[in-house]
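These notes are about the structure you will find just below.
Just so you know, all these numbers are worked out from the coordinates, no wet-lab data involved. Because the structure is a prediction, the values reported are computed rather than measured. Note: ideal-geometry Cβ built from the backbone for every residue, glycine included; neighbour counts use all protein chains shown.
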Amino acid sequence: MDDKHTGTASVFHDPHGWFHRIFINEAILSLLLVLCFIGVAYTNFASVRSYHYWLWVIPVFAVAAIVSEWSRYKRNEIDGYAFVRQQILHWAAVFIAIKTIFLLNQIGRFDNDATALSLLMVLSLSTYMAGVYIGWRFVVLGLFMSLATLLVAYMEAYMWVLIPLAAGIVLLAFSIAWIRFRRYRANAAKE
């Protein structure tokens, strides 16, 4: 049976459908925000022990970047091989930078606080730079992580500032995605 008549098979596979336009990108943004919250809190309380957490999160960010662009690949807007290679190289460089920061901590060149703040700044910059290639969600996430780094450095109760900000980012992202999807549906209906 045709996908247009069933409506179920195309929901997950149509790169123009609501699932790709709304759910995937906003779910990825929400997941990465949660991982950032956990990482910022963990790094603030146990900077050296957060090493393994961040090394685990870097591949998650890389996969999230690739998945978020999958619909653009399916619409033939980007070269999939070149994009995946670019993201692997980008996040591998971040991985090496994180390893270097922790090495500097181990040999006594960085104290625990400097390690935590350097780590967060590298991750915020790399996330922002990934957003330059991917789109506004990663740019916003990088800016959010940069702000979180400053708040960790200056405030004890930084979570009370970050939680409403993160909720606002997710709400804004879903709103933008919903508006774009409705415009797409309206244009598709006219054709």
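Hey, what D do you get for segment 37-183 in µm²/s if you plug the Kirkwood alpha-carbon radius into Stokes-Einstein at 25 °C and 0.890 mPa s? Spell out each step's value before the answer.
Values: Rh = 16.4 Å.
Answer, rounded: 150 µm²/s.
If the only charges are +1 at each Lys and Arg Cβ and -1 at each Asp and Glu Cβ, what is the size of the charge dipole of segment 28-122 around the Cα centre, to the nearest 20 debye? Don't jump to the answer; show the numbers that get you there.
Details: 7 positive and 5 negative charges, 36 e Å.
It works out to roughly 180 debye.
Kindly provide the trypsin sites (Lys or Arg not before Pro) of segment 32-140 that DSSP labels as loop, not H, G, I, E or B, and whose Cβ sees at most 14 other Cβ atoms within 10 Å.
Arg49, Arg75, Arg109
Search the structure for amide H atoms under 5 Å from the amide H of Glu69, placed 1.01 Å from N in the peptide plane, and list their residues when 5 or more places away or on another chain.
It is none; the list stays empty.
Give the residue from Ala130, Asn76, Asn112 lying farthest towards the positive end of the charge dipole for segment 37-183; charges sit on Cβ (+1 for Lys and Arg, -1 for Asp and Glu) and the dipole is referred to the Cα centre.
Positive-most Cα among the choices belongs to Asn76.
Starting with the highest mean, order 166-173, 61-68 by the number of other Cβ atoms within 10 Å, averaged over the residues of each peptide.
Packing order, densest peptide first, comes out as 61-68, 166-173.
Spin-label point model (7 Å from Cα, Cβ direction): what's the Lys99 to Trp70 distance in nm?
That separation, rounded to one decimal, is 2.8 nm.
Mind listing the phi-derived Karplus ³J(HN,Hα) values for segment 80-91, rounded to whole Hz, using 6.51, -1.76 and 1.60 with θ = phi - 60°, and x for any glycine or proline?
x, 4, 5, 5, 4, 4, 4, 5, 5, 5, 4, 6
Using a Förster radius of 22 Å, what is the FRET efficiency between Leu150 and Ile179 based on their Cβ-Cβ separation? Nearest 0.05, please.
Result of the calculation: an efficiency of 0.10.
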